[in-house]
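K.L.:
Provided herewith is a single structure, encoded as structure tokens, for subsequent inquiry.
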Ligand code: ACO
């Protein structure tokens, strides 16, 4: 029978059979709709880490982990990386269609309008301890945006939302650059209307009064690709956090701030920082990947190969091919000979031939080569995950928008199976045993 023709699943509990509808996606993915399960049977499902749970229907990003496919709004990632810009891809994700020239110009103008941050916010940046992690600073500052930009009742809801989207996409880039400048004790550089999104970021990061930053269009193009590759990845940990926090009807700044916190973790976006630290460590220990692969396979050792493995991809992550190519091209352009490229390539080659990695379907993920690229263009290691966050913002925004527009919207509130003590009485402190 054709998969699409299967309409229901049958569940038999203690002799009683229940029919559960099957939902079929446009690419033929199938899911059992269990939304009435508890009311009909008294049972819930248990799925730690939600590996088998679809939390929503979505029309934003399609991923096929078995075949290494990634598409935004139907368009293959390879085509977007080759032909689009980050700004255009952001528009596509949020609005569902590629913009016309006029729509793109309007979107760019809105981003320019919102690129500055409130001057009072600069005091916040100055008062974070010098060693504070930029992801902590970014999540706090994004949350603080709400205090500086409350809703204006005279605006329509649609107008308010569009302004908030543009404000976030534009200001996050400015805030990331400011936090870097202040951490270095350098003068803040303001955004410029005459520069593109990516060129503006590079200029705010690296321009100095004594040495004006020379915009290199090849580096600008590479940064566009980097951010396009990170722009969305359906229901990953940080996006799920944005949707979950957003489901409580909190403001968008708070929901995005939660996404930034989730992304910070080394099992998620923080892996790009962890990868470069691991590669550096391997390099400093002679560059031989074999002992590290052995450690990663040892179940008594918590070490894992960072930048390897993925919850959904059980084959090569399609973003890695593009990232690696772009990384090598950038190093060549900048005339940089980074020894970590050899370490990474040897590690990848050895792991991909190892039966453990083959049997566990462990392949490099997007973070494996991204750090080498970021380092080459001058981004400090502590800011790697911030770079990921800037890229993921359009995805978070579009997923949040889709969830609030969803007629089946519900507060996210999972259940649990309680395994603690059964009912017992309170014991006064003087009667408790030592
Ligand atoms: N190195 C060694 N073994 C690994 C690795 C790894 N990087 N990743 C998974 N495994 C093994 C696990 O030990 C486990 O083995 P077992 O079944 O024999 O016990 C098996 O593969 C499955 O691992 P899980 O952790 O259950 O798989 P999950 O889907 O939950 O993990 C994750 C995905 C968290 C990404 C994991 O592969 C990992 O920790 N990778 C390293 C961190 C990393 O690169 N994160 C970035 C992911 S991409 C992103 O978020 C942007």
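K.L.:
Identify the residue in region 355-374 that is more than 10 Å from the ligand (Cβ to nearest atom) and either in contact with a strand residue (DSSP E or B) (Cβ under 9 Å, 6 or more places away or on another chain) or in contact (Cβ under 8 Å) with a residue 24 or more places away in the chain (or both) and, among all such residues, is nearest to residue 308 (Cα to Cα).
P.N.:
This residue is 369.
K.L.:
Let me ask something additional. Which of the residues belonging to region 36-51 are on the phi > 0 side of the Ramachandran plot and in a loop (DSSP other than H, G, I, E, B)?
P.N.:
Matches in region 36-51: 42 only.
K.L.:
Based on this model, can you work out whether residue 87 counts as outside any loop (DSSP other than H, G, I, E, B), under 30 Å from residue 319 (Cβ atoms) and modelled with pLDDT under 95?
P.N.:
Judged against the criteria, residue 87 is not a match.
K.L.:
Would you check if residue 395 is within 30 Å of residue 35 (Cα to Cα), within 15 Å of the ligand (Cβ to nearest atom) and surrounded by 15 or more Cβ atoms within 10 Å (Cβ to Cβ)?
P.N.:
In short, yes.
K.L.:
Just checking: which of the helices (runs of 4 or more DSSP H) contained wholly in region 353-408 hold 1 or more residues that are modelled with pLDDT of 95 or more and out of contact with any helix residue (DSSP H, G or I) (no Cβ under 7 Å at 6 or more places or on another chain)?
P.N.:
Counting at least 1 such residues, we get 355-359, 384-405.
K.L.:
Scan the helices (runs of 4 or more DSSP H) fully inside region 252-337 and keep the ones with 2 or more residues being under 30 Å from residue 239 (Cα atoms) and more than 10 Å from the ligand (Cβ to nearest atom).
P.N.:
252-264, 271-284, 318-333
K.L.:
OK, next. Of (1) within 16 Å of the ligand (Cβ to nearest atom); (2) part of a helix (DSSP H, G or I), residue 220 satisfies all except one. Which?
P.N.:
Against the list (1) within 16 Å of the ligand (Cβ to nearest atom); (2) part of a helix (DSSP H, G or I), residue 220 comes up short only on (1).
K.L.:
Now for a different question. Hey, can you tell me all the residues within region 55-76 that are touching a helix residue (DSSP H, G or I) at 6+ places or on another chain (Cβ under 6 Å) and over 15 Å from residue 94 (Cα atoms)?
P.N.:
Within region 55-76, 68, 70 meet the criteria.
K.L.:
With respect to residue 342, determine if the residue is away from the ligand (no atom under 12 Å from the Cβ) and more than 27 Å from residue 232 (Cβ to Cβ).
P.N.:
Criteria met by residue 342.
The values are calculated or read from the model by the stated rules, or taken from the named source; none is laboratory data. This one's a predicted model, so the numbers in the text were calculated from it and none came from an experiment. Note: ideal-geometry Cβ built from the backbone for every residue, glycine included; neighbour counts use all protein chains shown.
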